[in-house]
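Worksheet: one structure, shown below.
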Amino acid sequence: MPARVSERIYRLLLHCYPHDFRVEYQPEMIALFRRRMRDENTAVLWPETAAGLVCTSLKEHLRMSFQDLKYALRMLRRAPVFSAAAVLTLALGVGANTAIFSVVNAVMLQPLPFPEPARLVRIWETNPKRNIQSFSASVPNFVSWKEQARCFEEIGAFGGASLNLTGDGEPERLLAGAIAANVIPLLRIKPMLGRAFLPEEERPNGARVTILSERLWRRRFAADPAIVGRSIELNGALRQVVGIAPAALQFPENAEIWVPMRIDLARENRGNHVISVIARLRDGVTLAQADSQLKAIAAAMEQTYPGSNVGWSVRMAPFYDWIVPERIRTALTVLFGAVSLVPLTACVNVANLLLARAVSRSRETAVRLAMGASRRRIARHLLTESSVLAVLGGIAGALLAYWAVAGLKQLLADSIPRGTEIHVDAPVLAFALGISIVTGLLFGIAPLHQTAHANLNHALKEGGRTSTATRQWMRQALVVAEIAMATMLAIGASLLAQSFGRLQNAQLGFQPERLLTAQISLPPAKYPHAAAATFYERLLEQLRHAPGVSDAAISSGVPMGAGDYTGMAARSPRTTDSTAAEMTQADWRMVSADYFKTMRIPLLRGRVFGPEDQGENGSPIMISGLLARRLYGDENVVGRDFELEIKEHFTIVGVVGDVRMNSLNQEPSPAMYFPAPRGLWPNMTVVLRAQGDPLHAEALLRSKVRELDARQPIYNVRSMENWIARDGSEARTNALLLTIFALVALALAAVGVYGVLSYSVTQRTSELGIRIALGAHAWDVMRLVLREGMLLALVGLAVGALGAFALRRTIETILFGVHADDPGTFVTVMFTLAIVSLLACTVPAWRAGRIDPLLALRQE
């Protein structure tokens, strides 16, 4: 290799050393390399040179980094107030973002606990003519899909169930699921112990078997592996435990035990939509292809079974979209995006602190430059100092996030899907590390830029007492950014708080105060229809005469609570055509006569159910005012005939007020009520109105049930206000979290305004002192400082309001009863933040007005 080429390569390799090292030693090293090139064999020279260069360059970098680190720590130790403020500010930003990221990671980013989850789909029946977008499937339709569809590797189904566990220990009601035998193989999960259900166990006369969840196995049976193969008593009958399911099997939601889904087509009705259907796509089949094929099958079934399938089609979606609905994803995205403004605000605040600190050290920096230090070396010192602050803030933020995640998990576990999976893991800690590094780079840019463009002569003349227009402009721009981000967060928080308030004040259609609800599941084998009716009649009779109870009733479900909400279609009497276009979808309940009195649902027309409606001959029904208007207009409906989709005929005996059945943010839906205990659902809810605190009546209710049947458990014992609070928990959580983060951002912004003005007053002490000496009043000086601060605040408020307005479409999807561009909210928030900014400006302005001109001039 020619000597010139070798030397050029060596010069390039010398860039592995730090810059300052090269400046001092590069000429000598090149001269030594030339001599060795003349005297030594190149085959030996290059390996030795490369090895020595790698070792010594790494050593020099470590030595210089260690020196920079010691210098940074020494400088930070000399300014403890500054260091503590910077670290705490960063900890708030990093901790808030990391805590929310832990939620986003668990709910949205972590893959579902199934192999190849992208091939799993959820299938619904849909009826656009009745405005039904997603509905359960009927068992016969599911069987037809299973027989005809070729796009699926497996197609399975499950339904809800309720089982009473008795025998050893206290009687306990378990949330259960009835699943097809192929559901566990379809999901490709393996039982922890034992086996899954067998196909023959689905038959009507199949073996009585069950599978326990891991949670139930550990909680009730102390994780005893010998439980597999033994029998336990469920609903009064023995079932053999054949397996222990892993935590991934959670269908239906929160189920603790499963039994085989019995399929007896001879007893099923295609119009009875009661099961949930899932499937695994064949390899190479897309979701669109499967959806098209299944729609074609549904269209053919509509022609084959017009009595039950007219107007019905299918819709499918990926498993992930079903488990984590779009509403949840949107809310989390909005929350995470909003919270991301907090670390940005923290970055801006720390950048402002570093700029002010850099200005105060400008003379020191100028002296170092004058004595021969390179700008690169000083920039490296500043970058090291920023990195140390970022690391310390990141560590404190991670600790803060670890504490906050525990609270978030407790707050969100029951209100969002996969909430129990929220925890601090490796990805969350990696995110905290990443955001710490990014924030360190971000807030370190400003002082680096200032140092790179510093004027040496000017800095030495200033003596660090005044700041240039460029420096002042940079700090002011950062404060404007802080206020803008705080404004956006505050507007979002205010909108969500108003939305939650509107939810809480929504007209329910009943009075929830002092209502206690509890569910009871009577085993059909032990309580056939007549025995169940007698049980409930005796229970209600004892409760009505119990001290502290005003009224008592039973229902198959309560608003926003547990129970059956399955929709059912009613035919309009205006035409004899019973096509889907003439059917109105309505919620339904089975209720006792005192239900409306207990719930305080007003009777609008006719009467409530009476003793004459409990016989087997009559077919009375009560409907809501909304359903009456949709079917009959303004006509008097009492005494009119009423036909359901299932071809049953009823007589309307009364019309009651409309009730929000499913959620606070949904308008009241049409509803119909059947008499109970003539009609009984497997799971009934006892509703009692207490004279005092409803939760105090829980012991009374349990004792009355125990008197009737000591082996009968009750469950889901809650006040009606608790059900309502649970329904609004998502809105409350969103509003609470965003409000907390908005307050943090506002505090940081206020500190930023105060810091900039305070430092500006310090830097302009001489100027302000001269103004006072020349006759300016203290108020004039104060007004000057206030004007400077409020100008920054007003610009920031305007920018923040424009940003919030631009993002209004995003937040609008999670609001209720309030518009995202509500002018009153914008004006109120901006006025409030203006007041906070004015307060932040007051102290520096007051200090400026009290400057002693003699002391100020003496400092010059």
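If ligands, DNA and RNA are left out, what is the accessible area of Glu612 with a 1.4 Å probe, given in Å² to the nearest 10?
In the full protein context, Glu612 sits at about 120 Å².
Quickly rank 684-691, 783-790, 159-166, 347-354 as a protection proxy: mean count of other C-beta atoms within 10 Å, highest first.
Working: 684-691: 23.1, 783-790: 19.1, 159-166: 20.8, 347-354: 26.6.
Ranking the peptides 684-691, 783-790, 159-166, 347-354 by packing returns 347-354, 684-691, 159-166, 783-790.
Given the -39500 (n - 2.57) contribution per DSSP H run of 4+ residues, what per-residue ellipticity at 222 nm results for the chain, rounded to the nearest 500 deg cm²/dmol? Show your work: numbers first, answer last.
Details: 28 runs with 455 residues, N = 860.
Estimated from H runs of four or more residues: -17500 deg cm²/dmol.
Once both axes come from the Cα atoms, what is the angle between helix 80-104 and the longest principal axis of the chain, in degrees from 0 to 90, rounded to 10?
30
What list of ³J(HN,Hα) values in whole Hz, one per residue of segment 281-289 in order, does the Karplus curve 6.51 cos²θ - 1.76 cosθ + 1.60 (θ = phi - 60°) give from phi, with Gly and Pro shown as x?
Residue by residue, segment 281-289 yields 5, 5, 4, x, 8, 8, 4, 5, 5 Hz.
Alpha carbon centre of segment 17-95 versus segment 220-264: separation in Å?
64
Ignoring ligands, DNA and RNA, what accessible area per residue does the chain give at 1.4 Å, in Å²? All intermediate terms of the calculation are to be shown ahead of the outcome.
Values: 39140 Å² over 860 residues.
I get 46 Å² per residue for this part.
Kindly state, to the nearest 0.05, the FRET efficiency for Val5 paired with Leu69, given R0 = 56 Å and r defined as their beta-carbon distance.
Efficiency, from the Cβ-Cβ distance: 0.90.
Could you calculate the contour length gain from Ser663 to Glu24, that is, 0.36 nm times the residue separation minus the distance between their Cα atoms, to one decimal place in nm?
Working it through step by step, the gained length comes to 222.6 nm.
Calculate one ³J(HN,Hα) per residue across segment 662-672 by plugging θ = phi - 60° into the Karplus curve 6.51 cos²θ - 1.76 cosθ + 1.60, and present them in order as whole Hz with x for glycine and proline.
Result, rounded to whole Hz: 9, 6, 5, 8, 10, 5, x, 9, x, 9, 9.
Taking amide hydrogens as modeled 1.01 Å from N in the peptide plane, which residues meet the under 5 Å criterion relative to Phe135, leaving out close sequence neighbours?
So Phe135 has HN proximity to Glu125.
Working from Cα positions, state the angle (0 to 90°, nearest 10) between the long axis of helix 326-339 and the longest principal axis of the chain.
For helix 326-339, the angle is close to 20 degrees.
So if we plug the beta-carbon distance of Lys59 and Ala430 into 1/(1 + (r/R0)^6) with R0 = 22 Å, what FRET efficiency do we get, rounded to 0.05?
0.15
With a point put 7 Å past each Cα toward its Cβ, work out how far Ala413 is from Glu40 in nm, to one decimal.
6.7
Would you mind checking which residues have amide H under 5 Å from Gly236's amide H? H placed 1.01 Å from N; only 5 or more apart, or other chain.
Thr166
Rounded to the nearest 20 debye, what is the charge dipole size of the chain about its Cα centre when +1 sits on each Lys and Arg Cβ and -1 on each Asp and Glu Cβ? Please list the in-between numbers first.
Details: 90 positive and 74 negative charges, 691 e Å.
I would put it at about 3320 debye.
Not counting ligands, DNA or RNA, and with a 1.4 Å probe, what is Phe831's accessible surface area in Å² rounded to the nearest 10?
Approximately 130 Å² for this residue.
If you plug each phi of segment 199-210 into the Karplus form 6.51 cos²θ - 1.76 cosθ + 1.60 with θ = phi - 60°, what whole-Hz ³J(HN,Hα) values come out, in order, with x for Gly and Pro?
Using θ = phi - 60°, the values come out as x, 5, 7, 7, 5, x, 9, x, 5, 8, 10, 8 Hz.
Take the Cβ-Cβ distance between Glu170 and Leu399 as r, set R0 to 45 Å, and report the resulting FRET efficiency rounded to the nearest 0.05.
On the way: r = 41 Å, r/R0 = 0.92.
That pair, Glu170 with Leu399, gives E of 0.65.
Over segment 657-738, what is the mean sequence separation of C-alpha contacts under 8 Å (at least six apart), divided by residue count, expressed as relative contact order in percent? Don't skip to the end; give the middle numbers.
On the way: 26 pairs, mean separation 19.3, N = 82.
The normalised contact order for segment 657-738 reaches 23 percent.
Given a 1.4 Å probe and heavy atoms of the protein chains only, how would you sort Cys16, Cys841, largest accessible area at the top?
Values: Cys16 60, Cys841 0 Å².
Result, largest first: Cys16, Cys841.
If you scale each eigenvalue of the Cα gyration tensor by 5 and take the root, what three semi-axes come out for the chain, rounded to whole angstrom and sorted largest first?
Values: eigenvalues 930, 281, 121 Å².
One finds semi-axes of 68, 38, 25 Å for the chain.
What ranking of Lys597, Lys704 comes out by heavy-atom accessible area, probe 1.4 Å, highest first? Can you show the working numbers first?
On the way: Lys597 120, Lys704 40 Å².
Accessible-area ranking of Lys597, Lys704, largest first: Lys597, Lys704.
For Arg218 and Ala31 in the same chain, what is the full-extension length gain: residue separation times 0.36 nm, less their Cα-Cα distance, in nm? Mind dumping the intermediate values first?
Numbers: separation 187, 0.36 × 187 = 67.32 nm, distance 7.60 nm.
Result for the pair: 59.7 nm of gain on full extension.
Which length gain, in nm to one decimal place, applies between His529 and Asn205 when the Cα-Cα distance is subtracted from 0.36 nm times their residue separation? All intermediate terms of the calculation are to be shown ahead of the outcome.
Numbers: separation 324, 0.36 × 324 = 116.64 nm, distance 2.20 nm.
Stretched fully, the His529-Asn205 segment lengthens by 114.4 nm.
Given a 1.4 angstrom probe, I'd like the percentage of the accessible area of segment 12-145 that is carbon and sulfur, rounded to a whole number.
Details: 4280 of 6630 Å².
Roughly 65 percent of what the probe reaches on segment 12-145 is carbon or sulfur.
Between Glu147 and Leu708, with labels modelled 7 Å along Cα→Cβ, what's the label distance in nm to one decimal, could you check?
4.3
Give me the distance in nm between label points sitting 7 Å out from Cα along the Cα-to-Cβ direction at Arg282 and Cys16, one decimal.
The modelled label-to-label distance comes out at 5.9 nm.
Taking every DSSP beta bridge that has both residues in the chain, what percent is antiparallel when rounded to the nearest 5?
Numbers: 71 of 90 bridges.
Bridges in the chain are about 80 percent antiparallel.
Mind listing the long-range amide H neighbours of Val656? Cut-off is under 5 Å, sequence gap 5 or more, other chains count too, H placed in the peptide plane at 1.01 Å from N.
Placed amide hydrogens put Leu604, Ile623, Ser624, Gly625 under 5 Å from Val656.
The values are calculated or read from the model by the stated rules, or taken from the named source; none is laboratory data. What you see is a predicted model; the values in this text were computed from it and never measured. Note that we place each Cβ from the backbone using ideal geometry, even for glycine, and neighbour counts take in every protein chain shown. The area values use the complete protein model at the heavy-atom level, side chains included, leaving out ligands, DNA and RNA. Shrake-Rupley method; radii C 1.70, N 1.55, O 1.52, S 1.80 Å.
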